[in-house]
């Protein structure tokens, strides 16, 4: 069959509405990982604590204080219990974000994809926003979405729960927290991703950032040096959220200081992204 | 692009604002197809890569020639608005690239030399994705992706992952992604790099078809002179960041500047004097006399429109006969683009 028999035809726009570029990037970035079974399995595994918490809430109804004894604050249907749940998801967040986010910019840099992106009518802000939404989506998938489901479940099953608290205030608090914390974390992860061409190195840096700082924080706590806990990366987010969920601080530093640290990380990440993302070809 | 009576043009960037039932779309003005570069000087660090470049291009097939490091790719990046302009002015499709580069890019297609493939995606997925990023609706982009992949000869391989493509298929895929949004200008950076002879010819045929039959402007940056000769009707030669020359490749008429190899015996002095009377320049290359003639200076050349291919040969034969010079050899030496290019670059 001759290859070129159809020839080239000019494009006639159909008049349908086009999506903004950031949404196109986010849509593809979200749908591609969800096609992989092992990522779906990872997401399902991240939902196990939510299922356990749901079971404990149900058990509490039947066994009263015994459930509180087993689950502690984590099983509570008060805001404190939901912050504890989000805090308990940190391992899933760490693993999932490392897998999803590490290559988002690094692979574009490696394959000279940035040159392709920025040959389109696309700005830096749209590119970063699109990539950021991918990470925020997966963050919310294992934190915010379970909170929504558990809130609804609690309202339906626990006699002491009120619609105002469990159906409105807790989801609202969780939404504000997850969107802000997710955006900030994703910017930091993307900044790491923009600094290299290989996702494995980004994963290493992310591990140091999350696990390394948490270890240092734990050692500092053991030595009674609470001020050093300010290095705990994920801990700062949970500590800063303490006032939002009306609960006790998570670390030995005040939530205000944690908020400042988180803001500093976010601003630093934006600066790195602005400096590192350029449509110049990678010369190896 | 069709214009409705409700469309209007923003004077500052010459962009068209289209209103439809679902909102407002701002697009580059495709009725303005010219590229204008004025006093463009650009440096990545200290040393300027481009120095005072000036030219104006109308859609056509333009070859961008130059040795390695002469600034070809940087010039294309400047035309795409991918690097910040400090000195000089670039206007593409009526848009000032210092301020409205994003709008102009909706009418530009870019085929990079290195990379440019997003791994893990099928060919059609990649082209449709980049079409959507160019501002096309999702369904239009997918439909168009199938069309352009068919055009470049990847119809049967469009569902395969890009990673599995051969080098030739990757080059075709890169051409397809540059075409998906139907650009006014196509910027190609070494499009035949790494291709076998057969693949090279077919890619050049596609580019030639786009430039000569579909009215698309093409800037072909390459160091392969044969590629430029096969496709382009105009060349820009860059050397060390400066625009050395701009020439038109005339494939239809007779080139008035011709060089002849002459060998013979007899009254050589009189023969040379006769040639000089015709305005020819003569140099000696071993046993051969190299006669460079401007045919438009000969009697009967008129204003240059009545030149014939045998005019130069006939003139030399006449001078030889008049001056008792017996010719043993008379041959027109073809001046290739390569010779012309090296002459310019080495000068």
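The values are calculated or read from the model by the stated rules, or taken from the named source; none is laboratory data. None of these values were measured; they are calculated from a predicted model. Methodologically, a virtual Cβ is constructed for each residue, glycine included, from the backbone with ideal geometry; neighbour enumeration extends over all protein chains shown.
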Sole miss for residue B:98 among (1) in contact with a strand residue (DSSP E or B) (Cβ under 8 Å, 6 or more places away or on another chain); (2) modelled with pLDDT of 90 or more; (3) more than 11 Å from chain A (Cβ to nearest Cβ) is condition (2)
Residue that is at pLDDT 90 or above, more than 7 Å from chain A (Cβ to nearest Cβ), surrounded by fewer than 22 Cβ atoms within 10 Å (Cβ to Cβ) and on the phi < 0 side of the Ramachandran plot, where the choices are B:131, B:125:
B:125
Does at least one position in the stretch A:113-135 carry a residue that is surrounded by 19 or more Cβ atoms within 10 Å (Cβ to Cβ) and without any contact (Cβ under 8 Å) to a residue 40 or more places away in the chain?
yes
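Looking only at residues in the stretch A:102-160 that are outside any helix (DSSP H, G or I) and either modelled with pLDDT of 95 or more or more than 13 Å from every other protein chain (Cβ to nearest Cβ) (or both), which one is nearest to residue A:202 (Cα to Cα)?
Keep residues of the stretch A:102-160 that are outside any helix (DSSP H, G or I), which gives A:102, A:111-112, A:118-123, A:143, A:158-160.
Subset that is either modelled with pLDDT of 95 or more or more than 13 Å from every other protein chain (Cβ to nearest Cβ) (or both): A:102, A:143, A:158-160.
Working: A:102: 5, A:143: 23, A:158: 44, A:159: 47, A:160: 46 Å.
Within the stretch A:102-160, the match that is nearest to residue A:202 (Cα to Cα) is A:102.
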Could you figure out which of (1) more than 19 Å from residue A:9 (Cβ to Cβ); (2) in contact (Cβ under 8 Å) with a residue 60 or more places away in the chain; (3) surrounded by 19 or more Cβ atoms within 10 Å (Cβ to Cβ) isn't true of residue B:78?
(2)
Please indicate, with yes or no, whether at least one residue in the stretch B:140-156 is in a strand (DSSP E or B), more than 17 Å from residue B:190 (Cβ to Cβ) and modelled with pLDDT of 90 or more.
no
Check on residue B:262, without any contact (Cβ under 8 Å) to a residue 60 or more places away in the chain, farther than 27 Å from residue B:38 by Cβ and in contact with a helix residue (DSSP H, G or I) (Cβ under 7 Å, 6 or more places away or on another chain):
no
Looking at the stretch B:134-162, which of its residues are farther than 23 Å from residue B:207 by Cβ, free of Cβ contacts under 8 Å to residues at least 24 places away in the same chain and within 8 Å of chain A (Cβ to nearest Cβ)?
B:137, B:138, B:139, B:140
So residue B:214 passes all but one of these: (1) closer than 24 Å to residue B:150 by Cβ; (2) in contact with a helix residue (DSSP H, G or I) (Cβ under 6 Å, 6 or more places away or on another chain). Which condition number does it fail?
(2)
Does residue A:266 count as more than 14 Å from every other protein chain (Cβ to nearest Cβ) and within 30 Å of residue B:81 (Cβ to Cβ)?
yes
Right, residue B:180: touching a strand residue (DSSP E or B) at 6+ places or on another chain (Cβ under 9 Å), more than 10 Å from chain A (Cβ to nearest Cβ) and buried (at least 22 other Cβ atoms within 10 Å of the Cβ) or not?
no
